[in-house]
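The values are calculated or read from the model by the stated rules, or taken from the named source; none is laboratory data. These numbers come from a predicted model, not from an experiment. Glycine gets a Cβ as well: all are built from the backbone with ideal geometry, and neighbour counts include every protein chain shown.
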Protein chains: 2
Amino acid sequence: MFKVKIAGMGKAVGSLKVKSEELEEKMNVTSGWIVKATGIESRHYVDFENGENALTLGVKAAKQAIQNSGIDPEQIDCIIGANGSPLQAIPCGASLFQRELGLGDSGIPCFDVDTTCYSFRLALFVAANLIHNQVYNCILIISSDAPSPTLPKTSNEVRALFGDGAAAAIVTKSAKDEKSVLHYFKMQTYGSGANLTCVKGGGTLRHPNDPNTRMEDNLFQMDGRKVFRYAVRLLPDFFQDFFLKVVYVKVMLNIYSLIKQASME
Amino acid sequence: MFKVKIAGMGKAVGSLKVKSEELEEKMNVTSGWIVKATGIESRHYVDFENGENALTLGVKAAKQAIQNSGIDPEQIDCIIGANGSPLQAIPCGASLFQRELGLGDSGIPCFDVDTTCYSFRLALFVAANLIHNQVYNCILIISSDAPSPTLPKTSNEVRALFGDGAAAAIVTKSAKDEKSVLHYFKMQTYGSGANLTCVKGGGTLRHPNDPNTRMEDNLFQMDGRKVFRYAVRLLPDFFQDFFLKVVYVKVMLNIYSLIKQASME
């Protein structure tokens, strides 16, 4: 249990709004298919040609988070990048965000954490651990993804789902009179399903310059049905354990605060 | 201060040993230049054509670390990937290592941390925080990089330095009678120098399929002289602060153990 809070949040989306109908025409599928299959009526794409990308979105979200939290940018003592896909192979996204926020000479430690879509929540948990251990006091988390320029060549399944957006948060200790607490964190990874949602390129295994690397290797590939089957099989046990642990932590906390109250009366 | 220890380590290098003389011939530089400039007499490259790569090296190192630590693979409750460059864009390297270690259905949580060359030390520190907070008990860290297939097209400066290798460690709590402690951790990031050592490609900013992405964007670029100047300017203060803090922590620990001893006598 960690006494931390999100002191401020920010978000940004690509400036080009694309309705599902427009996309359906381009994808050559029947009208209404996307909303029926995904529930998504519109998404936002970056204006990549005019310099909008995952870096600019992340910076916009971060500035908003800093402003909303009311802190001074100089108070930030750690920046965690938590993108679902990399901005570039080297260095970490966090250091690029740091530079673009005008903090490039500050020395503020920067690193990325990565579990693809789960990266923001993992970053929040890692931040909570570091704050709890008094390593850092004020951590900026930025999560930004802009895959839209690659989408026209992906499968309809992928194309229907993805848009471009960023979120950022300032995480600090909760004050004594504040109730915000991170009760419990649980993550499970099933590497046996690693190929069900992947971009096989981009790194040293299928390097962009390797003539054997195919265009598809650099695109997001998803086997939605198989992912769904994994989820159906694994999620019930996961949630049962998760909620039992959360309830346990909350009950113990209540007992503790009752005892504390009683001892003070 | 975290009471943790490295319970076992493993390492692996590419199976092709390349002497600096051989490389000098290919690079068309004077004999002895590499040893004089870098001190490196030979390096190991993966046999990429025959299936050796950053993934296989990492798995080899991990198996050795598990064996050396004497633990059961089932005891591992977290895997952290800490590669300097990505294996592939999605998912994280740790989940691929998990799968190749035969733990793909175990659910063991996997994630990567990234600060390029500093990733292993960061992973060790993050692991120490998680163990200290009783989140996990036995963390496997794997750090593996195999850039050699890209090197023939890089600058001589880069080509002289890099080889392929992996390291892995099992991190656990120190037992009461064990002295191993992580005293202090300090990291600083200067994003203003992000372009001095970089691979600009591989992600969404300069996507492999984007016709504007050039071959050089996908290669490691380094401005060694400028990096050196950064280091000369920033390291003295960094180390002064670092060692002062370490000495402070050690002195406080000694005072604490003296008081404890005295109170027990």
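Things to note:
- Evaluation of B:Ser148 against (1) in contact (Cβ under 8 Å) with a residue 24 or more places away in the chain; (2) more than 18 Å from B:Gly202 (Cα to Cα) (one fails), failing number: (2)
- Residues satisfying the stated conditions in the stretch A:153-179, i.e. outside any loop (DSSP other than H, G, I, E, B) and small (Gly, Ala, Ser): A:Ala160, A:Gly165, A:Ala166, A:Ala167, A:Ala168, A:Ala169
- Residues considered: B:Leu205, B:Leu219, B:Leu253. Of these, the only one that is at pLDDT below 95 and either more than 30 Å from A:Glu49 (Cβ to Cβ) or surrounded by 13 or more Cβ atoms within 10 Å (Cβ to Cβ) (or both) is B:Leu253.
- Inter-residue pairs, beta-carbon under 9 Å, first closer than 18 Å to B:Phe242 by Cα and in the stretch A:120-136, second among the acidic types (Asp, Glu) and not in a helix (DSSP H, G or I), 6+ apart: A:Val135/A:Asp77; A:Tyr136/A:Asp77
- Residue selected from the stretch B:161-192 under the condition modelled with pLDDT of 95 or more and of a type in the set (Lys, Arg), by the criterion farthest from B:Ala12 (Cα to Cα): B:Lys186
- Within the stretch A:180-237, restricting attention to residues that are hydrophobic (A, V, I, L, M, F, W, C), facing chain B (nearest Cβ under 9 Å) and in a helix (DSSP H, G or I), the residue that is nearest to A:Cys117 (Cα to Cα) is A:Ala194.
- Residues within the stretch A:40-61 that are in contact with a Gly (Cβ under 6 Å, 6 or more places away or on another chain) and either within 18 Å of A:Ser95 (Cβ to Cβ) or at pLDDT below 95 (or both), tallied: 1
- Of all residues in the stretch A:15-29, those being modelled with pLDDT of 95 or more and of a type in the set (S, T, N, Q) number 2.
- Applying the criterion of being within 14 Å of another protein chain (Cβ to nearest Cβ) and assigned to a helix (DSSP H, G or I) to the residues of the stretch B:1-49, the residue that is surrounded by the fewest Cβ atoms within 10 Å (Cβ to Cβ) is B:Glu49.
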